[in-house]
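Here's the structure, in structure tokens; my notes come after.
FYI, it's all coordinate maths here, none of it is from the lab. In this text the structure is predicted, and so the values were computed from the model without any measurement. Here the Cβ is made from the backbone with ideal geometry for all residues, glycine too, and neighbour counts use every protein chain on show.
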Amino acid sequence: MARTTPIERYRNFGIMAHIDAGKTTTSERILFYTGVSHKIGEVHDGAAVMDWMEQEQERGITITSAATTAFWSGMDKSMPQHRFNIIDTPGHVDFTIEVERSLRVLDGAVFVLCAVGG
């Protein structure tokens with residue numbers, strides 16, 4: 001099967017930060033604004049798409065890295081379509097190995113900082 005998006009338009013990036021900084025919330029917004037989901041999933045409601053495990057939904061934290069794909073052509077759809085492969089990583093120190101595994105496949109990272117907690 002032929003590629004629908006040329007490989008030079010692929011971007012692999014991770015969402016990283018300390019616990020409760022808003023990584024999954026950021027990922028959920030990306031999925032919503034790119035049209036992957038039609039409702040913004042909220043972590044505190046247990047409705048986040050990226051926190052798919054039952055334990056993650058109950059505790060409100062990310063335990064395993066979750067990967068998804070979204071396509072983006074700009075707000076006015078004037079740019080060529082890009083494929084974003086996104087990895088939402090855990091923030092708790094006990095799950096650092098999940099973050100380290102993700103780093104090996106990423107082109108870059110979005111580092112989320114909490115404006116209140118630092």
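Counting only C-alpha contacts under 8 Å and six or more residues apart, can you give the relative contact order of the chain as a whole percent? Could the numbers behind the result be given before it?
Values: 201 pairs, mean separation 43.8, N = 118.
Relative CO of the chain lands at 37 percent.
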(request) Work out the charge dipole of the chain with +1 on the Cβ of Lys and Arg and -1 on the Cβ of Asp and Glu about the Cα centre, then indicate which of 82, 25, 116 is farthest towards its positive end. (result) 82
(request) Could you quote the convex hull projected area for the chain, Cα atoms only and averaged over all directions, in nm²? (result) 8.6
(message) Counting only other residues whose beta carbon sits under 13 Å from that of residue 8, what net charge do I get with K and R as +1, D and E as -1?
(response) +3
(message) Please check: in the Gaussian network model of the chain (C-alpha springs, under 10 Å), which one of 100, 56, 28 has the largest mean-square fluctuation.
(response) 100
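Please report, in debye to the nearest 20, how large the charge dipole of the chain is about its Cα centre when each Lys and Arg carries +1 at its beta carbon and each Asp and Glu carries -1 there.
Working: 11 positive and 15 negative charges, 132 e Å.
Dipole of the chain, to the nearest 20 debye: 640 debye.
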(message) Over the chain, with a Gaussian network built from C-alpha contacts below 10 Å, which listed residue (76, 107, 88) shows the highest mean-square fluctuation?
(response) 76
(message) Can you tally the net charge around residue 83? Count Lys and Arg as +1, Asp and Glu as -1, for every other residue whose Cβ sits under 13 Å from the Cβ of residue 83.
(response) +1
(request) Have a look at segment 52-118 and give its Rg and Dmax from the Cα atoms, expressed in angstrom. (result) 14.8, 43
(message) Can you tell me which of 77, 39, 23 moves the most in a GNM of the chain? Springs connect C-alpha atoms under 10 Å apart.
(response) 77
(message) If amide hydrogens are placed 1.01 Å from N in the peptide plane, which non-local residues have theirs closer than 5 Å to the one on residue 34?
(response) none
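Over the chain, what is the percentage of antiparallel beta bridges among all DSSP beta bridges, to the nearest 5?
Numbers: 7 of 17 bridges.
Roughly 40 percent of the beta bridges in the chain run antiparallel, per DSSP.
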(message) Please list, in order along segment 77-84, the HN-Hα scalar couplings obtained from phi with the Karplus expression 6.51 cos²θ - 1.76 cosθ + 1.60 (θ = phi - 60°), rounded to whole Hz, x for Gly and Pro.
(response) 6, 8, 8, x, 5, 10, 9, 9
(message) Rounding to the nearest 10 and keeping the result within 0 to 90°, find how far the Cα-based axis of helix 23-33 lies from the longest principal axis of the chain.
(response) 30
(request) Could you work out how far apart the two model spin labels at residue 94 and residue 64 are, taking each label as a point 7 Å from the Cα in the direction of the beta carbon, and quote it in nm? (result) 1.7
